[in-house]
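Shown next, in C-alpha cells, is the structure this report addresses.
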Amino acid sequence: MKTAKIVEVGPRDGLQNEKGEVPTAVKVELIERLADAGLSSVEATAFVSPKWVPQMADHTEVLERIRRKPGVSYPVLTPNLKGFEAARAAGATEVAIFGAASETFSRKNINCSIAESLERFRPVAEAARKNDVKVRGYVSCVLGCPYEGDVAPQRVAEVAGELYDMGCYEISLGDTIGTGTPGKTKAMIEACARRVPLEKLAGHYHDTYGQALANIYASLAAGVRTFDASVAGLGGCPYAAGASGNVATEDVIYMLDGLGIRTGVDLDRLIDIGQWICGLLGREPASKVNRAVAAKRKTV
C-alpha cells in the first residue's frame, strides 16, 4: 500500500493573516480536532513578534494548552534563537525555520539576504540539536517570486541543501505565490533531489492559479511523499488580491484516496472541521471537496 504524509498548516499558516482575532480556545480546539481526524503533524503556532504577526501573540498559551495525542507532532515556527527558546520553554518538540530562494523576497520579508538568513538559523539548528528538538526547514518562492518572477531550480536546491546540511530533517518546498506548473515543479524537485535525499523533501503548494493539486501529482510522480495543506484552504495569498493561498487538505486527501494512497486521515471528519472553523470565521470553505460534500449532505 502506498502512503503519503500530510503536514496540516491551517492553525498557523492558515490563521496568521486573519484580520479578526481568533480566540485561543478556538485555535486549541482546531489543533486537537485535526489530530483526532488522523493528521500526524499539525503546525500549531509561530513564536514570532506579536508586532509583526498579531494573530500568533498567544503562541505560548496555545502550545501549553493543547492536548497532545501520542504519535502526533506539533511543530511551531521559530525564526530566531529568542523564538526557539520561548518555544522550548512552552514544550515544543519540533520547530521550523524558513528561508527563501529569492534574494528580493528574503530582503522584503525578513529584512536580510539569503546568506544572512541562513546564518541566523544556524544557532537555532544547533540549539535544537543539543536539546533533542527536531527542525524542519521551509524554502519560500521555489517556483516564482512576486518581485523577481521565475526562480532558477538550482537556486532553490542551494538553499534547500544549506538547510539540510544545517540539520533539518525535512525541507518543505513552498510555491509561495502559487504560479508553479507541473513541468516547473518536476524540474525544481529534480534539482533539489541532487542536493537533498528525495525522501527528505516535502511540497507546499499554493492554489493561487489553480495548480496546487496538479503540482502535488507531479511531485508524487517524482517520488515526493510529504505535502503541506490547510484545512478548508485557510490562508489567502498576500501577493495576489482575493486569491486562494494554501491548498485545501480535503482536496488533497480526496485525490490521494482516489489514487489508493493511504494517509490515515478521515475525510468526513476533516470536512466537518472545515465547516466548523469556516462557520466561526464567517466564510465558506475554499475547498471544492468540502463545498461539494456539504451540498450533497443537504440534499440527502
Exercise for review: Could you tell me which of the residues 18, 85, 119 is without any contact (Cβ under 8 Å) to a residue 40 or more places away in the chain and either assigned to a loop (DSSP other than H, G, I, E, B) or charged (D, E, K, R) (or both)?
Suggested key: 119
Check your understanding: Of the residues that make up the stretch 31-47, is at least one surrounded by fewer than 16 Cβ atoms within 10 Å (Cβ to Cβ), more than 25 Å from residue 122 (Cβ to Cβ) and in contact with a helix residue (DSSP H, G or I) (Cβ under 9 Å, 6 or more places away or on another chain)?
Key -> yes
Practice item. Looking for whichever is open to solvent by less than 40 Å² (accessible area, probe 1.4 Å) and touching an Asp or Glu at 6+ places or on another chain (Cβ under 7 Å) here; the options are 110, 114. Which one fits? Key: 114
Exercise for review: Within the stretch 63-82, work out how many residues are without any contact (Cβ under 8 Å) to a residue 40 or more places away in the chain and either of a type in the set (A, V, I, L, M) or open to solvent by less than 10 Å² (accessible area, probe 1.4 Å) (or both).
Suggested key: 3
Review point. Mind checking which residues of the stretch 37-71 are assigned to a helix (DSSP H, G or I) and over 14 Å from residue 93 (Cβ atoms)?
Key: 54, 55, 56, 59, 60, 61, 62, 65
Point to revise | Among (1) out of contact with any Lys or Arg (no Cβ under 8 Å at 6 or more places or on another chain); (2) farther than 20 Å from residue 67 by Cα; (3) at pLDDT 95 or above; (4) aliphatic (A, V, I, L, M), the one test that residue 53 misses | key: (3)
Study note, to complete from the structure: Of the residues in the stretch 247-300, those that are crowded, with 17+ Cβ neighbours inside 10 Å, of a type outside the set (Ser, Thr, Tyr) and outside any helix (DSSP H, G or I) come to 247, 248, 265, 285, 286
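The values are calculated or read from the model by the stated rules, or taken from the named source; none is laboratory data. A quick note: this is a predicted structure, and the numbers were derived from the prediction, not measured. Every residue, glycine among them, receives a Cβ derived from its backbone with ideal geometry; neighbour counts consider all protein chains shown. For accessibility, only protein heavy atoms count, side chains too; no ligands or nucleic acids. Shrake-Rupley method; radii C 1.70, N 1.55, O 1.52, S 1.80 Å.
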